[in-house]
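*Asks:* One structure, pasted below without further comment.
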Amino acid sequence: MTEGYEAGDINLVDDEVRYDDDEVVTDDANGSLAELPVRVATYLATSLADAPDEVEVTSSVQGATVKVSVTVAPSDMGRVIGRRGRTAQALRTVVGAAGAKVGATTNVDIVDV
Amino acid sequence: MEWVEVTGKTVDEAKESALEQLGVVEADAEILIVAEPKAGLFGRVRGEARVRARVRPAGPRPKRNRSSRDRSERPADEASSEPAAQREPKPQAQKAAKPKNDRPKAEPKSPRAGGSNRPVQEDGEMAEGMTLEEQAEVGNKFLMGLVEAFGYEATVEIRNLDDETVELAVNGEELGLLVGPRGSTLAALQDLTRTVVQSNFSARTDRILVDVAQYRERRVAALQRWVAGIAEEVKASGEERALEPMSPADRKVIHDAINDIEGLATRSEGEDARRYVVIEPAN
């Protein structure tokens, strides 16, 4: 589904997401599939962050997979990731539930600026 | 930047030897507490404190190399479900930089890392004396907002289970997605709620439970019924019985249920996610 994509290598993926296969929809046009996962991810990240204003959530859709990138201030990385990644994992799980509601598989990356 | 991992009798001791190895002062290091002393919850070195540390990289982005893949492959374990609560500050006299501190609730991981240097872990600001009610209110607000983000119609009920524990019960129609397979999404919700509450109050957050659609309630009832049967068998046979590995929450239900029964006792064995309860005849 997402061959060539390495979790964590979000910096290699620019706004104009290009995949060789499948349907490609960029951030501007991803419409309804990404809407709910993005809304939930944004809510969670801003709730967790000390600096909610610096939270930025972008997404791209490929087929039924929504890739969500959550950017937080460097000072908030620790909190959003949590001990041993526990908070990040919880965030992924809940965003995954949002994806399931609209029939999408989600893939959440947390990146600092 | 290279991480070093060291152990010590206390967190402070481990920290000190880590700093020694790195040759830097605490403010210039990034320190992660991997295991608390004597809790032994991470298992590997039961009884010892274990910390990881590295020289704080210059510039404001210390954690770029901790990719999401690394994190997601780490197993969740019970120790991290009890943040801050078990941490007993043990300031040492020779550590002038560290203030004597007899508040048992919130020990910052790197107390001298002032200014822009934040602790690595999810400790919040040092706020004191927040009541459980206030904590519950923050959790309540968070859950209501989340329910709304999902587009669900639901209510959150704040229930005081006892003097020390409050349950935030989310109720409404079609909330199955918020429970998830075997309660996994519910567990995540509880983690997030506790983290949000903790970031506001920096208090122990194991006093806050989250339930959705009475899932937890039903789970507890089912566990109690199930274990009652096993208790009878142990009583009849006089032979101890090991149960399958369970989550910390489920184990607590078992411990509580069995310890109410005359003539039976429980203990936990195994490590991390494999931890399980053994029911044994008392004495």
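The values are calculated or read from the model by the stated rules, or taken from the named source; none is laboratory data. Quick caveat: nothing in here was measured; it's all calculated off a predicted structure. Backbone-built Cβ (ideal geometry, glycine too); neighbour counts: all protein chains shown. To get the accessible areas, we keep the full protein, side chains included, count just its heavy atoms, and leave off ligands, DNA and RNA. Shrake-Rupley method; radii C 1.70, N 1.55, O 1.52, S 1.80 Å.
*Asks:* Since residue A:106 meets every condition but one in (1) within 27 Å of residue B:32 (Cα to Cα); (2) touching a helix residue (DSSP H, G or I) at 6+ places or on another chain (Cβ under 8 Å); (3) more than 11 Å from chain B (Cβ to nearest Cβ), which condition does it not meet?
*Replies:* (1)
*Asks:* Given the conditions (1) open to solvent by less than 40 Å² (accessible area, probe 1.4 Å); (2) more than 10 Å from chain B (Cβ to nearest Cβ); (3) at pLDDT below 95; (4) part of a helix (DSSP H, G or I), report the number of the one that residue A:85 does not fulfil.
*Replies:* Checking residue A:85 against (1) open to solvent by less than 40 Å² (accessible area, probe 1.4 Å); (2) more than 10 Å from chain B (Cβ to nearest Cβ); (3) at pLDDT below 95; (4) part of a helix (DSSP H, G or I), the one that fails is (2).
*Asks:* Right, residue B:134: modelled with pLDDT of 50 or more, within 17 Å of residue B:211 (Cα to Cα) and surrounded by fewer than 20 Cβ atoms within 10 Å (Cβ to Cβ) or not?
*Replies:* Values: modelled with pLDDT of 50 or more: yes; within 17 Å of residue B:211 (Cα to Cα): no; surrounded by fewer than 20 Cβ atoms within 10 Å (Cβ to Cβ): yes.
For residue B:134, the condition - modelled with pLDDT of 50 or more, within 17 Å of residue B:211 (Cα to Cα) and surrounded by fewer than 20 Cβ atoms within 10 Å (Cβ to Cβ) - is not met.
*Asks:* Further question: Taking the conditions exactly as written (touching a helix residue (DSSP H, G or I) at 6+ places or on another chain (Cβ under 9 Å), facing another protein chain (nearest Cβ under 9 Å) and surrounded by fewer than 19 Cβ atoms within 10 Å (Cβ to Cβ)), does residue B:184 satisfy them or not?
*Replies:* Answer is yes for this residue.
*Asks:* Checking the conditions here, which among B:170, B:210 is surrounded by 21 or more Cβ atoms within 10 Å (Cβ to Cβ), part of a strand (DSSP E or B), within 12 Å of chain A (Cβ to nearest Cβ) and of a type in the set (A, V, I, L, M, F, W, C)? It would help to see each step written out before you state the result.
*Replies:* Numbers: B:170 fails: within 12 Å of chain A (Cβ to nearest Cβ).
Of the residues listed, the single one that is surrounded by 21 or more Cβ atoms within 10 Å (Cβ to Cβ), part of a strand (DSSP E or B), within 12 Å of chain A (Cβ to nearest Cβ) and of a type in the set (A, V, I, L, M, F, W, C) is B:210.
*Asks:* So residue B:276 passes all but one of these: (1) crowded, with 18+ Cβ neighbours inside 10 Å; (2) under 19 Å from the mean Cα position of the chain (by Cα); (3) farther than 22 Å from residue A:82 by Cβ. Which condition number does it fail?
*Replies:* The one condition residue B:276 does not meet is (1).
*Asks:* Any residue in region A:100-113 that's open to solvent by 60 Å² or more (accessible area, probe 1.4 Å): show its pairings with residues that are β-branched (Val, Ile, Thr) and part of a strand (DSSP E or B) at Cβ separation under 9 Å, as long as the two are six or more apart or on different chains.
*Replies:* Final answer for the pair search is A:105/A:65; A:105/A:66; A:113/A:71; A:113/A:72.
*Asks:* Return a yes/no flag: does region A:51-59 have any residue that is touching a helix residue (DSSP H, G or I) at 6+ places or on another chain (Cβ under 8 Å), of a type in the set (D, E, K, R) and at the interface with chain B (Cβ under 8 Å from one of its Cβ atoms).
*Replies:* Of all residues in region A:51-59, those touching a helix residue (DSSP H, G or I) at 6+ places or on another chain (Cβ under 8 Å) come to A:51-52, A:54-55, A:57-59.
Still in the running and of a type in the set (D, E, K, R): A:54.
Checking which are at the interface with chain B (Cβ under 8 Å from one of its Cβ atoms) leaves us with none.
So far as region A:51-59 goes, no, none of its residues is touching a helix residue (DSSP H, G or I) at 6+ places or on another chain (Cβ under 8 Å), of a type in the set (D, E, K, R) and at the interface with chain B (Cβ under 8 Å from one of its Cβ atoms).
*Asks:* How many of the residues in region B:245-273 are within 16 Å of residue B:231 (Cβ to Cβ), open to solvent by less than 60 Å² (accessible area, probe 1.4 Å) and not basic (Lys, Arg)?
*Replies:* Total satisfying the criteria: 12.
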